[in-house]
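The values are calculated or read from the model by the stated rules, or taken from the named source; none is laboratory data. Quick caveat: nothing in here was measured; it's all calculated off a predicted structure. Here the Cβ positions follow ideal geometry from the backbone for every residue, glycine too, while neighbour counts run over all protein chains shown.
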Amino acid sequence: MAEPILEIDHLQVDFRTDEGVVHAVDDVSLTLAAGEVLAVVGESGSGKTVTAMSLLGLNRSPNATFRGSARYRGQELLTASEDELRAIRGAEMAMIFQDPMTSLNPVQRIGDQIAEQILAHEKLTKAQVRDRVVELMERVGIPRAAERARAYPHEFSGGMRQRVMIALALSCSPSVLIADEPTTALDVTIQAQILERLKELKDETGTAIILVTHDLGVVADIADRIAVMYGGRIVEQGTTDEIFYDPQHPYTWGLLGSITRIDRDRAERLPSIAGLPPSLLDPPKGCHFRARCPHEFARCSEVPPLEDRGAGHPDRCWLTLEEKRARRLVDGEIGLVEPSPRGLGLHCENSPEAPSRRVGEHR
Amino acid sequence: MSGNGAPLLEVEHVKQYFPVKSGVLIDRTVANVHAVDDVTFSLREGETLGLVGESGCGKTTLSRTVLRLLDSTSGRIRFRGADITRANRRAMRPYRREMQMVFQDPFASLNPRKRVAQILGAPLRQRGVSGGDVDREARDLLDRVGLRREHINRYPHEFSGGQRQRIGIARALAMNPKLVVLDEPVSALDVSIQAQIINLLEELQDSLGLTYLFVAHDLSVVRHVSDRIAVMYLGKIMELSPAANLYDKPIHPYTQALLSAIPIPDPRENRSRRRIVVSGEPPNPIQPPPGCVFHTRCPRATEVCRTVVPPLTEYANGHLAACHHPLNVTPEEIAASSISDASPQTAGQVKPDYVPAGEGGDEQAPGADGTPAAQA
């Protein structure tokens, strides 16, 4: 693997709220090499978006505290000043936001929005900027780009707006692209087009991509490595093949087991993960997945460190490699066994505690 | 899930157009949005029909039209044999009770100012339950959908998304419905919660004998729950077939494109798969393209597709597809097929022709009726 261009060490993000301190991100360490696609996978509230936003200083506030370190080519990001960040944002690291409907300025022409970003980082003449805008729009697959640059966001469909977002993100040829659920709001045929385009762009320009998503199908399609997040922590990290074919953490088993697939016959019952994600205001002691895990045992009240337990990639589960390999198979497939047979209505969210209020929740 | 009962809901040639108006003093209708354009299908008691398509294809409009939440432009809707197409409010009331809906967004579909007891109590009283029975039945309903009986006095904001969707389901069940229309019931939920809700819906169907119209854009979820699946595109049904057939042997190129666009959550299979990525976007439903509505994006389109609306053709197993150049069928199967009654009224009457698999639209496929393909 090449030299990492982005290194995150023991990142911890806390938010003070009226109800107490929310530990949104807890001890997250990641590296990203040039030209690599790293997928950060998890449910809403698992801390994946907060991690991504922290890199660009987008969630700084008086109520937020950041600990640990995040370095882009050696430069510390968590303590960087606004001016330093402004030089990095867009030019070195760019972000594609989840919702293409709300992240564009509705009263400014598409071309002007892209031009604004280019001019913030480079000194070019009007004509040069115009050419660059049209070229970018063509590159992301917007037809009749010269004409469409004069259109407003509402004249674009969802898929086209997402292409504009990608064009914006690529406008200054960043080395790192953070894509937060880039295709979640799109139809499948459009999603396929956008993913193809992202793959091509990565191969052409060598941009590294951090893909934040909950869709394991998308991950299988495009990612080189995967970090699985749960309750603010990375519970498992490895190459795409390691995570899909040799998953070590019970949460990953549950995630892989509960997805519906178009290429398989229907099972009688879809394996599900019982219960709800933990509240990050008052997370369980020890392993955060404990309350939902059928394999829980005494040791789980201690926080398991993220380390390689013999599988070749690190995870946060106290079970031994042999125990994991034996227990993760449910009817020959990877999945999470459902604890004790339960009748109708009892198999679900029966947690007596108040509902989890989740930080960074978005739909 | 059996789905061999009598037809519960019959929808015949239903159209739903929305007028586009313009004018200063007098509104003139200048165009129509063809949201649902001549759709025919039926739902048998106890079965689940999946209705899939991209956003804007008319699937939600169709589901609202069959519930009479919208008045159809033309066509006929029968519920348990009775024609309800133009039934007035009073006449609809006994049927309303039997058809309920679960909405997509569990955050917007529950009144934030009402407690669960009130949310569930209103439909129960409507049904004639009174006094202490309301509270008891409401608690039973919570139990049934997997919530705790003590949650009855909570407000919606005290629940998570998955729990709220359970309240929405309980509210629909309060009326003892026969038919439940599920409009994207899990797409707003996290993956691990989706599985819980899908399992709950299947258990309820088994124990209460419910009939589902399951509207979704996610073909993998639909595969899991449906007995039959209808694929819609731009207001029309492209293909309707038993669930397994649709995935093993898609006949319509649009269905194949949809299936192929879904990434499989398995890296090795994903790499080995040959994917067909259709270009472009769905056309404007105000001016749907003539002929087959999919021809603008279809890799197999020829001249006949641009001019003649393809009839819904019935192949073996009750597999319907509206395509002039069907996939995955042999010449014998085409010969044995017949044009279905569900076919749109404007459709041509000519059976599809045989195009060998793997041949795209570059190749000139002659029109089935001998129409010269070169005419523009």
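Residue B:120: within 29 Å of residue B:194 (Cβ to Cβ) and in contact (Cβ under 8 Å) with a residue 60 or more places away in the chain, yes or no? Here the answer is no, as residue B:120 does not meet what is asked. Against the conditions (1) within 14 Å of another protein chain (Cβ to nearest Cβ); (2) of a type in the set (Asp, Glu); (3) part of a loop (DSSP other than H, G, I, E, B), residue A:296 satisfies every one except (1). When each of B:292, B:323, B:298 is tested for being among the hydrophobic types (A, V, I, L, M, F, W, C), under 28 Å from residue A:162 (Cα atoms), at pLDDT 90 or above and touching a helix residue (DSSP H, G or I) at 6+ places or on another chain (Cβ under 9 Å), the lone residue that passes is B:298. One residue stands out in segment B:81-110 among those that are part of a loop (DSSP other than H, G, I, E, B) and charged (D, E, K, R): the one that is farthest from residue B:14 (Cα to Cα), namely B:105. Taking (1) surrounded by fewer than 20 Cβ atoms within 10 Å (Cβ to Cβ); (2) closer than 23 Å to residue B:194 by Cα in turn, residue A:16 satisfies each apart from (2). When restricted to residues that are assigned to a loop (DSSP other than H, G, I, E, B) and of a type outside the set (Asp, Glu), segment B:49-71 contains 9. Of the residues making up segment B:239-266, those that are crowded, with 24+ Cβ neighbours inside 10 Å, touching a strand residue (DSSP E or B) at 6+ places or on another chain (Cβ under 6 Å) and not β-branched (Val, Ile, Thr) are B:239, B:240, B:241, B:246, B:252, B:254.
Checking each residue in segment B:139-170 for being of a type in the set (Gly, Ala, Ser) and closer than 19 Å to residue B:210 by Cα picks out B:146, B:168, B:170. Scanning segment A:230-271 for residues that are surrounded by fewer than 23 Cβ atoms within 10 Å (Cβ to Cβ) and among the charged types (D, E, K, R) turns up A:241, A:242, A:246, A:261, A:263, A:264, A:265, A:266, A:268, A:269.
If you go through segment A:67-76 and keep only what is within 29 Å of residue B:190 (Cβ to Cβ) and surrounded by 19 or more Cβ atoms within 10 Å (Cβ to Cβ), you end up with just A:70. If you go through segment B:243-272 and pick out every residue that is touching a Pro at 6+ places or on another chain (Cβ under 9 Å) and more than 8 Å from every other protein chain (Cβ to nearest Cβ), you end up with 4. Residue A:245 passes every criterion in (1) without any contact (Cβ under 8 Å) to a residue 12 or more places away in the chain; (2) among the aromatic types (Phe, Trp, Tyr); (3) in contact with a Pro (Cβ under 7 Å, 6 or more places away or on another chain) apart from (3).
The residues of segment B:155-169 that are surrounded by 19 or more Cβ atoms within 10 Å (Cβ to Cβ) and at the interface with chain A (Cβ under 9 Å from one of its Cβ atoms), listed by number, are B:159, B:160, B:161, B:162, B:163, B:166. Given the condition surrounded by 15 or more Cβ atoms within 10 Å (Cβ to Cβ), more than 14 Å from chain A (Cβ to nearest Cβ) and of a type in the set (Asp, Glu), answer yes or no: does some residue in segment B:336-345 qualify? Checked against the condition, which is being surrounded by 15 or more Cβ atoms within 10 Å (Cβ to Cβ), more than 14 Å from chain A (Cβ to nearest Cβ) and of a type in the set (Asp, Glu), segment B:336-345 yields no hits at all.
Among residues of segment B:193-238 being in contact with a strand residue (DSSP E or B) (Cβ under 8 Å, 6 or more places away or on another chain) and of a type in the set (S, T, N, Q), the one that is nearest to the other protein chains (Cβ to nearest Cβ) is B:226. Among helices (runs of 4 or more DSSP H) entirely within segment A:184-256, having at least 1 residues that are at the interface with chain B (Cβ under 10 Å from one of its Cβ atoms) and within 13 Å of the chain's Cα centre (by Cα) singles out A:216-222. None of B:183, B:190 is away from chain A (no Cβ under 11 Å), more than 15 Å from residue B:142 (Cβ to Cβ) and at pLDDT below 95 except B:183. Condition first: free of Cβ contacts under 8 Å to residues at least 60 places away in the same chain, away from every other protein chain (no Cβ under 13 Å) and closer than 16 Å to residue B:355 by Cβ. Can you find one or more residues in segment B:282-299 that meet it? Yes, the conditions are met somewhere in segment B:282-299.
Remark: pairs (first residue in segment A:1-20, small (Gly, Ala, Ser); second residue in a strand (DSSP E or B); Cβ separation under 9 Å; 6+ apart in sequence or on different chains) = A:2/A:33. Taken together, A:163, A:132 contain a single residue that is within 14 Å of chain B (Cβ to nearest Cβ), out of contact with any Phe, Trp or Tyr (no Cβ under 6 Å at 6 or more places or on another chain) and in a helix (DSSP H, G or I), which is A:163.
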